[in-house]
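The values are calculated or read from the model by the stated rules, or taken from the named source; none is laboratory data. Here the structure is a predicted model, which means the values were calculated and not measured. All Cβ positions, glycine included, derive from the backbone under ideal geometry; neighbour counts span all protein chains shown.
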Ligand code: IVH
């Protein structure tokens, strides 16, 4: 950590942006919510202490994540805000005191509800008929997921007419989520089908909702719980569709045909409100779905306008976040696994324990230092923590373990690889231990499995166990070997008859046509994930072009820093990397490149940021048009941006940033010119 607040603010913003993207765009968080919250709090504290460092676009002022390009943008009638968080009773009290003061000093009544761990959704009904479903997105603009939410049975397609005439327009807000039991059954099905299992119900719900094909969403057990009345039109003040309290809103929504929580509590004092929140926490497992906190709302809706909101969240509501859940269990063993880069990771084998909404039987221990620091030893009763999602963690030994009779000595990191028996090395200053043998069976299997995985070449039927079989039969050791396989070579291996061998070869054959960026991902170069691979392949569209790229050329690309540039060059110039690139190219892999569109590559290597909607294009379509001409279309402006195309309702933060960095901004009418010529209009 640095002492320079400006540097720390910058580092925190970068980290927060990274994790926001993992959470909202990839539906694959890398850290627990609690850790993410801690980063935001640290940033907020620094910004408060150094107001000169606070910026309009800081994540402390904005909500949610970037938008996926898979769905059309929807500008919300009123912003979909987030909630401020309270982490303990004192923070809850301070929020309530402030609300009382802002509301004129009268005591307040609170509506306390479980905080469902799902995805915020806005549903628009026109004359009582469902016309649109939109995600929150960045709070101002969400994604149109109407086709997908239409498959959710707990979402009424028509509002219950028994309530009288429906409003001309009403927006209902709530959460799309997955019940725990339904999630587990779905995950079992996914595994049976050879598909990836989801980490937790929230990610499963997000992944299911974000399917491009709504018939897939229809097979996923999604639910919807309504909790808020959004903007309305044609509603007479004081009528049924204008309840004066939040608990009245819940009743109205139930009457209209929505599922609402049955556990809402109206608390007549701050103390009652604190008790209600504590009860939600103690009873969280009694619910059939995951909750990650409680939401407290001022019950009297007529006060909302006076209470107002910050740029991010209303002052009339707050989220009380639950701390990560902890349970104790027995540490049965500490084992190590070898990854595709040779990195050796210790992990805890646990007596299965239900914590944070799932059963945990294994937990990573990260590296040698972490095991030493935690000093957990086989046979210990250990504390396991899981923050509702992401990776379970062993916190340390439960009290009293140090003096446990028969406790073994400190765990020693093995000195040889469990797979190949080769030596394990820990390079100076590194926390990771590595198996340095490039021919290690485990590394080869992991590397090939990754090459064939969905993120990379997406070769159907080539999962880890099939790869292991091919490696053990000495048929492949490198991804390039896959392209030398014939059905005759595979036939006769266990589980591979004539048909399945032919099918597998056809799948491998088909992967030659995968675009270049997937091949780059498949190489498994450190830090080169989908984003870096896309950017690189747009500028260097063949494997031989990548092989001869220099660090400077790569680092000049928007979105590629010197570290990633160095990694690519280091790989391409290593004996192993050079041979692999050559052999893959000879095998005809990735030759279609990213310029396979057949269009002139007018924007080769240029980063064009698009903001707002462009007539005649969906967001997806506009970005695809840039990619098809060799360009990239990142989600944010940086000094490497070639230009920003501003359509209707552009993002203010992108325009401000472009102005600050003197990046040219062109209007929607110039987009065609840009695509055709690759130059800015005169
Ligand atoms: S009310 C202005 N009520 O939590 C936003 N939100 O961390 C008012 N959430 O964006 C939201 N359960 O996605 C509300 N009972 C509940 C909720 C709830 C879950 C989510 C919602 C919100 C997020 C904030």
Might you check whether a residue that is free of Cβ contacts under 8 Å to residues at least 12 places away in the same chain and part of a loop (DSSP other than H, G, I, E, B) occurs anywhere in the range 273-286?
-> yes
Qualifying positions in the range 633-674 - over 30 Å from residue 54 (Cβ atoms) and crowded, with 20+ Cβ neighbours inside 10 Å | 671, 674
Among the candidates 342, 308, single out the residue that is on the phi > 0 side of the Ramachandran plot, in contact (Cβ under 8 Å) with a residue 40 or more places away in the chain and either within 16 Å of the ligand (Cβ to nearest atom) or over 27 Å from the mean Cα position of the chain (by Cα) (or both).
-> 308
When you look at residue 392, is it over 13 Å from residue 346 (Cα atoms), modelled with pLDDT under 95 and in contact with a strand residue (DSSP E or B) (Cβ under 8 Å, 6 or more places away or on another chain), yes or no?
-> yes
Just to be sure, is residue 640 under 30 Å from residue 311 (Cα atoms), touching a residue at least 60 places away in the same chain (Cβ under 8 Å) and part of a helix (DSSP H, G or I)?
-> no
Meets criteria (at negative phi, within 15 Å of the ligand (Cβ to nearest atom), in contact with a strand residue (DSSP E or B) (Cβ under 9 Å, 6 or more places away or on another chain) and in a strand (DSSP E or B)) for residue 348 = no
Do we find a residue being farther than 30 Å from residue 279 by Cβ, free of Cβ contacts under 8 Å to residues at least 40 places away in the same chain and more than 16 Å from the ligand (Cβ to nearest atom) anywhere in the range 107-125?
-> no
Kindly list, by first and then second residue, each pair from a residue in the range 315-330 that is under 30 Å from residue 108 (Cα atoms) and part of a strand (DSSP E or B) to a residue that is more than 16 Å from the ligand (Cβ to nearest atom) and at pLDDT 95 or above, limited to pairs with Cβ atoms under 8 Å and residues at least 6 apart or on different chains.
-> none
Residue count for the range 85-130, restricted to those that are closer than 19 Å to residue 322 by Cα and surrounded by 15 or more Cβ atoms within 10 Å (Cβ to Cβ) = 20
Matching residues, the range 127-146, being in contact (Cβ under 8 Å) with a residue 40 or more places away in the chain, more than 12 Å from the ligand (Cβ to nearest atom) and either outside any loop (DSSP other than H, G, I, E, B) or on the phi < 0 side of the Ramachandran plot (or both) = 132, 134, 138, 140, 141, 143, 144, 145
Hey, does the range 82-99 have a residue that's within 14 Å of the ligand (Cβ to nearest atom) and either free of Cβ contacts under 8 Å to residues at least 40 places away in the same chain or more than 20 Å from residue 304 (Cβ to Cβ) (or both)?
-> yes
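To keep it simple, each residue is scored yes or no on (1) surrounded by 21 or more Cβ atoms within 10 Å (Cβ to Cβ); (2) touching a strand residue (DSSP E or B) at 6+ places or on another chain (Cβ under 8 Å); (3) at pLDDT below 95.
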| residue | (1), (2), (3) |
| --- | --- |
| 451 | yes, no, no |
| 460 | no, no, yes |
| 467 | yes, no, no |
| 471 | no, no, no |
| 493 | no, no, yes |
Qualifying residues in the range 163-193 (those that are within 16 Å of residue 125 (Cα to Cα) and surrounded by fewer than 16 Cβ atoms within 10 Å (Cβ to Cβ)) - the one nearest to the ligand (Cβ to nearest atom) = 163
Scan the range 232-240 and give yes if some residue there is over 30 Å from the mean Cα position of the chain (by Cα) and surrounded by 19 or more Cβ atoms within 10 Å (Cβ to Cβ), otherwise no.
-> no
Check every one of the helices (runs of 4 or more DSSP H) wholly within the range 515-631 and list those with 3 or more residues that are in contact (Cβ under 8 Å) with a residue 60 or more places away in the chain and within 23 Å of the chain's Cα centre (by Cα).
-> 516-522, 530-539, 619-628
Considering 239, 244, 223, which residue is over 18 Å from residue 78 (Cβ atoms), more than 16 Å from the ligand (Cβ to nearest atom) and at pLDDT 95 or above?
-> 244
Please work out which one of (1) more than 15 Å from the ligand (Cβ to nearest atom); (2) crowded, with 16+ Cβ neighbours inside 10 Å; (3) farther than 30 Å from residue 426 by Cα; (4) modelled with pLDDT of 95 or more is the condition residue 336 fails and give its number.
-> (3)
Residue in the range 287-304 that is modelled with the lowest pLDDT, counting only those that are more than 14 Å from the ligand (Cβ to nearest atom) and not in a strand (DSSP E or B) | 288
